[in-house]
Protein chains: 2
Amino acid sequence: MSSRDGYQWTAETGLLQGVPSISVISPPTYVPPNLNQWDVIVVGAGYSGLTASRDACLAGLRVLLIEARDRIGGRSWSSNIGGYPFEMGGTWVHWGQPHVWREISRYQMRSELEPSFDFSHGVNHFQLRTHHGSSVFSHEEEDTLLAGALQKFVDVDGEMGRKIMPYPHDAFHNPSSRQYDDMSVLDRLNELAQSLTPNERAVVESFILLCSCGTLDTTSFFEFLHWWALCGYSYRGCMDYLISYKFKGGQSSFAIRFFRESLATGRLSYTFNSPVQSIDDQGHKVVVNTRDGRHYCSARLVSTIPLNVLSSVSFYPPLDPRRAVALSTGHVNQCVKVHAEIASPKMRSWTGISYPFNKLTYALADGTTPAGNTHIVCFGGAHNHLQPEEDLDETKRAVENLSPGNMDIKRLVWFILDVSSRGLCIFADFKMLQVFHNWCKDEFAKGAWFFSPPQLVSKSLDVLRSRHGNVLFANSDWAVGWRSFIDGAIEEGTHAAMTVLEELRPQPDIRSLL
Amino acid sequence: MSSRDGYQWTAETGLLQGVPSISVISPPTYVPPNLNQWDVIVVGAGYSGLTASRDACLAGLRVLLIEARDRIGGRSWSSNIGGYPFEMGGTWVHWGQPHVWREISRYQMRSELEPSFDFSHGVNHFQLRTHHGSSVFSHEEEDTLLAGALQKFVDVDGEMGRKIMPYPHDAFHNPSSRQYDDMSVLDRLNELAQSLTPNERAVVESFILLCSCGTLDTTSFFEFLHWWALCGYSYRGCMDYLISYKFKGGQSSFAIRFFRESLATGRLSYTFNSPVQSIDDQGHKVVVNTRDGRHYCSARLVSTIPLNVLSSVSFYPPLDPRRAVALSTGHVNQCVKVHAEIASPKMRSWTGISYPFNKLTYALADGTTPAGNTHIVCFGGAHNHLQPEEDLDETKRAVENLSPGNMDIKRLVWFILDVSSRGLCIFADFKMLQVFHNWCKDEFAKGAWFFSPPQLVSKSLDVLRSRHGNVLFANSDWAVGWRSFIDGAIEEGTHAAMTVLEELRPQPDIRSLL
């Protein structure tokens, strides 16, 4: 099946809407004719919604899953093009991420990971391009440079952040950590102006912007410290947890397990292609109205609508004004992720930063396609924003600029995958493939993974996590632990399902003995 | 409630059987009178059995939980004495352990951890006592010494084990890792004879024996490499993951959540004090016979009986001979864990190793009791074995010997907690408390956490994990990931419940679309 979340072009077929993905569900709707009320409606089929639906179905509840798109996975999905899984969004996982790993283990997928990095051959170096010139480092030198810079950046307590944030899953355990949410990353860099070398400053800024895809002044220092703590307070942890291990079969090979298990219970109804207009909590039931005029009702509702999208849905009664303020603030991640297929197989061991002049700043070789070409994944963000489909030449130059002379652009194919503009695709040659999903313009995401501006988390996390009558809110954007990550989405879906289950479960004759 | 897994003595009461624990279930049996067949019988109420029972109950199956003891938790349980939770077995957890942390997060217990270590005041040092004399190090020097020694020990591939075991949850991913299961820790030490200093050798041997509680020649080098990989291939990871974070309320405050949730479904039957005599798989059903002559039957059975105990139960049809061989080999962990309450509050920041002459080799200050005394936890094992209740003076000397002059033995109370000998308790004074559970003599454990001799895992892990008709085997002793740990127990219980559920779930009219 193909998702309309993308387009592709070949010389033979011309422009075709849709990229293939096992995440597309067909038929798109299954609602038994006699069923008109559910125990729980789950809005959104990303990992939060998939987890909440599955757990509720497993526990015997009747569930209706409503999704705006034609596919599962939300901001994590993969498209298999030419036998190679391109990750359109969230990609990397790690066994130290507890919720996602519990599921990988439960689905017996422990052996289905592979590393992104392969520092074994060919152009086996790190290329740093800044205003000061271009340098080449061994990957060991890359590690030393980045580790040193990051350690200076995070060391607010003489213990690399361990004292200020001793429990990464309880980030305000030490109340002193709150002060760092009043600071932007730029504020912190200004404190360190005299102690970072120019190269250290370039790589630390690039790395942080890879994490937030915002700008230095809109990125919360607290939130970066939180990522650092989650990554074991080490540079090596950052590499391992954040950008190293992916599914051989792509993210959608994982997400589909949740959906299939829910289906197998016989208790899942679902409807895709169904953007929600409004959610009306009438006290004794919740009514969901879709944009195309359908109505569904249930005892409880789990909204997994992302932070940056939630204000587009009307709620009755209206949402808490404090939540509304947080929604209007939103998160800052405007990631641009471009996949490039480069003719040269020698580039497999390459990594690079081009900053700040380039519109794609951080890139790494991520695999070898069946054709023997090198797959390079490139990241940009709000600080020097690129809208790939608006200026394809600019995108091409941004890829070239990462490693002039090595990106063989005489041979180039672009796929532009964009939800809102519904696609645009330019051909140059067959040997290089570019794939991307413009999350910023995606009306059902309005940004990529969560990354907070200063003060959002310390002021609004509690209200974002709070319920609204019979409506629960579950999304990685306000997870406690691995917020922004697939792990956080599963954390949230697990919690929502458990809450619903405790409330709706018929009360047995529990003896008072415990 | 009090568990008979222990005794206590005070001057007022004299010797009393039982130590208080919320892990004791009362009434000890709840089997509805009309029920004589279950969907699944789970044998064992440790974390594997608790998880399997809970997941099966949640999914709508009728479950009978059969346990030999009077309490839940198996080899992890806590006794609250004088307002202080003494951990009788498995203690430490970490957010990087995926299965246990998923549960901690799901039960909203993220804020209920506290650190064992507190390096802030008083006798704030590491004391190393060897045949060569006694030395005092700062804790930073302790870290440097241990980190250096361990790094030499594990660095078989120039990458600290990352190359030989790149996926800790898929330990044979690189087949070359198997060769290290042919080696004992002693074999590896012999290779390093010329490169370890005497102090390095003393601390690395002590640390490994803290992990295995076997002897150097009965401890598999592979298994230690597996622990190292799980700990992020670092000394700091070992400290953080293995011996740093515990529940403020004790392990039993966590275990009881699983049991209560199972009860709340109304689908759990249970019987404690019910050692199993035999398990008879008749094909269409499984029949369990208890030692006291009761019979129960079910469609599936999940045995969570530990490796070292499983051969005491009769199976029909007989177990696979290869499994029987593995059972007769068993694991080597003969841990002796002694809790000492020391009068001096100044000892809170102390750690120590006394090796190899002392029968308690590794010890650390673990808390301050409500009375203001220091709680020190001391470990010994098979290499210089102590049976505490057989010679209480020897136990006392072993504690004293950890830090002569600092363990104020003029003021001393011992509690001897021992299942098989059913208790023995000696009083000396009120200001020092010793608590222990002799896992080696415990007929339902026959050892502490799993640690393998050479060749057991590489030859027998698959057969230990295999099913036997309608009988599934779930125990941390043969987990894939955090084998030996609470995490591994939950991994196993999760997997067993899912398998049973897939087999017993009524098959709905699943459309063939996916």
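In which sequence would B:116, B:252 go, from the one with the fewest C-beta neighbours within 10 Å to the one with the most?
Listing B:116, B:252 from fewest to most nearby Cβ atoms yields B:116, B:252.
Between residue A:289 and residue A:112, what is the label-point separation in nm under the 7 Å Cα-to-beta-carbon projection?
4.1 nm
Put a dot 7 Å past each Cα toward the Cβ at residue A:239 and residue B:244; how far apart are the dots in nm?
Those two pseudo-labels are separated by 2.0 nm.
For region A:1-148, what is the Kirkwood hydrodynamic radius in Å, using each pair of distinct C-alpha atoms? Could you put the intermediate results ahead of the total?
On the way: mean 1/r = 0.0515 Å⁻¹.
The answer is 19.4 Å.
Compute the label-point distances linking residue A:248 to its equivalents in the other copies; points lie 7 Å from Cα along Cα→Cβ; give nm, one decimal, shortest first.
Here the equivalent label points are 4.5 nm apart from this one.
When each copy gets a label point 7 Å from Cα toward the beta-carbon at residue A:266, what are the spacings between them in nm, shortest first?
Its label point is 2.0 nm from the equivalent points in the other copies.
Taking the beta-carbon count within 10 Å as an exposure proxy, list A:350, A:77, A:227 from fewest neighbours to most. Can you show the working numbers first?
On the way: A:350 25, A:77 28, A:227 22.
Lowest count first: A:227, A:350, A:77.
What is the dipole size for the protein assembly as shown, taken about its Cα centre, with +1 at each Lys and Arg Cβ and -1 at each Asp and Glu Cβ, in debye to the nearest 20?
Working: 92 positive and 108 negative charges, 399 e Å.
The dipole magnitude comes to about 1920 debye.
Given the protein assembly as shown reduced to its alpha-carbon atoms as identical point scatterers, what log10 I(q)/I(0) does the Debye formula return at q = 0.06, 0.09, 0.10 Å⁻¹?
For the protein assembly as shown, the Cα-only Debye profile gives -0.46, -1.06, -1.29.
For chain A, take the longest principal axis of its alpha carbons; what is the angle in degrees between that and the long axis of helix A:47-58, to the nearest 10 within 0 to 90?
Computed tilt is about 30 degrees.
Out of A:468, A:296, A:1, whose Cα points farthest toward the positive end of the dipole of chain A (charges: +1 Lys, Arg; -1 Asp, Glu; placed on Cβ)?
Comparing the listed Cα positions along the dipole, A:296 ranks first.
Could you work out the local net charge near residue A:37, counting Lys and Arg as +1, Asp and Glu as -1, over the other residues with Cβ closer than 9 Å to its Cβ? Let's see the in-between values first.
Details: positive: A:62, A:285; negative: A:39.
Net charge in that neighbourhood comes out at +1.
Please work out the Cα convex hull volume for region B:177-271 and give it in Å³ per residue. If you can, show how the numbers build up before the last one.
Values: hull volume 16.6 nm³, N = 95.
Each residue corresponds to 175 Å³ of Cα convex hull volume.
Averaging sequence separations of C-alpha pairs under 8 Å and six or more residues apart, then dividing by the length of region A:17-119, give the relative contact order as a whole percent.
Values: 103 pairs, mean separation 24.4, N = 103.
Across region A:17-119, relative contact order equals 24 percent.
Given a Förster distance of 22 angstrom, what is the FRET efficiency for residue A:30 paired with residue A:282, based on the Cβ-Cβ distance and rounded to 0.05? Don't skip to the end; give the middle numbers.
Working: r = 26 Å, r/R0 = 1.17.
The value I calculate is 0.30.
Averaged over its residues, how many other protein chain Cβ atoms are within 10 Å of peptide B:264-273's Cβ atoms?
2
Restricting to bridges with both residues inside the protein assembly as shown, how much of the DSSP beta-bridge set is antiparallel, in percent to the nearest 5? Kindly include the intermediate steps, with their values, before the conclusion.
On the way: 104 of 162 bridges.
Antiparallel bridges make up about 65 percent of those DSSP assigns within the protein assembly as shown.
Among the listed pairs B:246/B:346; B:359/B:441; B:337/B:396; A:248/A:359, which are separated by more than 23 Å between their Cα atoms? Mind dumping the intermediate values first?
Details: B:246/B:346 21 Å; B:359/B:441 17 Å; B:337/B:396 13 Å; A:248/A:359 29 Å.
From B:246/B:346; B:359/B:441; B:337/B:396; A:248/A:359, over 23 Å: A:248/A:359.
Binned at 20 Å from 0, what are the whole-percent values of the Cα-Cα distance distribution for chain A, short to long?
Calculated over all Cα pairs of chain A, the distribution is 23, 56, 20, 1 percent.
Treating the angle as unsigned and between 0 and 90°, give the value, to the nearest 10°, between the Cα long axis of helix B:392-402 and the longest Cα principal axis of chain B.
60 degrees
Using +1 on the beta carbon of Lys and Arg, -1 on that of Asp and Glu, and nothing else charged, what's the dipole of region A:215-344 about the Cα centre, debye to 20? Provide the component values of the computation, followed by the final result.
On the way: 13 positive and 9 negative charges, 89 e Å.
The calculated dipole for region A:215-344 is roughly 420 debye.
Could you tell me which residue out of A:147, B:121, A:85 lies farthest along the dipole of the protein assembly as shown toward its positive end? Charges go on the beta carbon: Lys and Arg +1, Asp and Glu -1, centred on the Cα centre.
A:85
So what is the relative contact order for chain B, in percent, with contacts set as C-alpha pairs under 8 Å and at least six apart?
Once divided by the residue count of chain B, the mean separation gives 23 percent.
Under a no-solvent Debye model with one identical scatterer per Cα of region B:328-393, what's log10 I(q)/I(0) at q = 0.16, 0.19, 0.24, 0.28 Å⁻¹?
With no solvent term, the Cα-only Debye profile gives -0.59, -0.77, -1.02, -1.16.
In deg cm²/dmol and to the nearest 500, what is the mean residue ellipticity at 222 nm of chain A if only DSSP H runs of at least 4 residues count, each as -39500 (n - 2.57), divided by the residue total?
Rounded to the nearest 500, it is -8500 deg cm²/dmol.
If you take the alpha carbon radius of gyration of region B:285-382 and divide it by 2.2 N^0.38 Å, what ratio comes out, to two decimals? Mind showing how you got there, number by number?
Working: Rg = 21.6 Å, N = 98, 2.2 N^0.38 = 12.6 Å.
Normalised Rg, Cα atoms only: 1.72.
Between residue B:371 and residue B:144, how high is the FRET efficiency from 1/(1 + (r/R0)^6) when r is the Cβ-Cβ distance and R₀ = 25 Å? Nearest 0.05.
Values: r = 35 Å, r/R0 = 1.40.
After rounding to 0.05, the efficiency reads 0.10.
Could you tell me which residue out of B:40, A:478, A:338 lies farthest along the dipole of the protein assembly as shown toward its positive end? Charges go on the beta carbon: Lys and Arg +1, Asp and Glu -1, centred on the Cα centre.
B:40
As I understand it, the value is the acute angle between the Cα axis of helix A:139-154 and the longest principal axis of the Cα atoms of chain A; what does it come to in degrees, rounded to 10?
Tilt relative to chain A: about 60 degrees.
Among B:360, A:189, what is the fewest-to-most ranking by other Cβ atoms within 10 Å?
Working: B:360 29, A:189 18.
By the 10 Å Cβ count, ascending, the order reads A:189, B:360.
What average number of partner chain Cβ atoms lie no more than 10 Å from the Cβ of the residues making up B:97-109?
Working: counts 4, 13, 5, 2, 9, 12, 3, 2, 12, 8, 2, 3, 0.
Partner-chain Cβ atoms within 10 Å, mean over residues of B:97-109: 6.
Taking residue A:131 in one copy and the same position in all the others, each labelled 7 Å out along Cα→Cβ, what are the pairwise distances from the first, in nm, shortest first?
6.6
Equivalent ellipsoid semi-axes for region A:75-120, as square roots of 5 times the alpha carbon gyration tensor eigenvalues: give them largest first, rounded to whole Å. Could the numbers behind the result be given before it?
Details: eigenvalues 81, 43, 25 Å².
Whole-Å semi-axes of the equivalent ellipsoid: 20, 15, 11.
When DSSP beta bridges are limited to those with both residues in chain A, what percentage is antiparallel, rounded to the nearest 5? Kindly include the intermediate steps, with their values, before the conclusion.
Details: 52 of 81 bridges.
Around 65 percent of the beta bridges assigned by DSSP in chain A are antiparallel ones.
What distance in nm separates the simple spin-label points at residue A:329 and residue B:136, each placed 7 Å from Cα in the Cβ direction?
In this crude label model, residue A:329 to residue B:136 measures out at 5.0 nm.
Suppose a student asked you for the relative contact order of region A:233-299, using Cα pairs under 8 Å spaced at least 6 residues apart; what percent would you report?
Details: 43 pairs, mean separation 10.8, N = 67.
Relative contact order for region A:233-299 comes out at 16 percent.
Work out the length of the dipole vector of chain A about its Cα centre, built from +1 on the beta-carbon of each Lys and Arg and -1 on the beta-carbon of each Asp and Glu, and round it to the nearest 20 debye. Don't skip to the end; give the middle numbers.
Values: 46 positive and 54 negative charges, 210 e Å.
Dipole magnitude for chain A comes out near 1000 debye.
Read-outs throughout are calculated quantities, based only on the coordinates presented, and are distinct from any laboratory measurement. Quantities reported herein were computed from a predicted structural model and do not represent experimental measurements. When we count neighbours, we look across all protein chains shown, and the Cβ atoms used for this are built from the backbone with ideal geometry, even at glycine.
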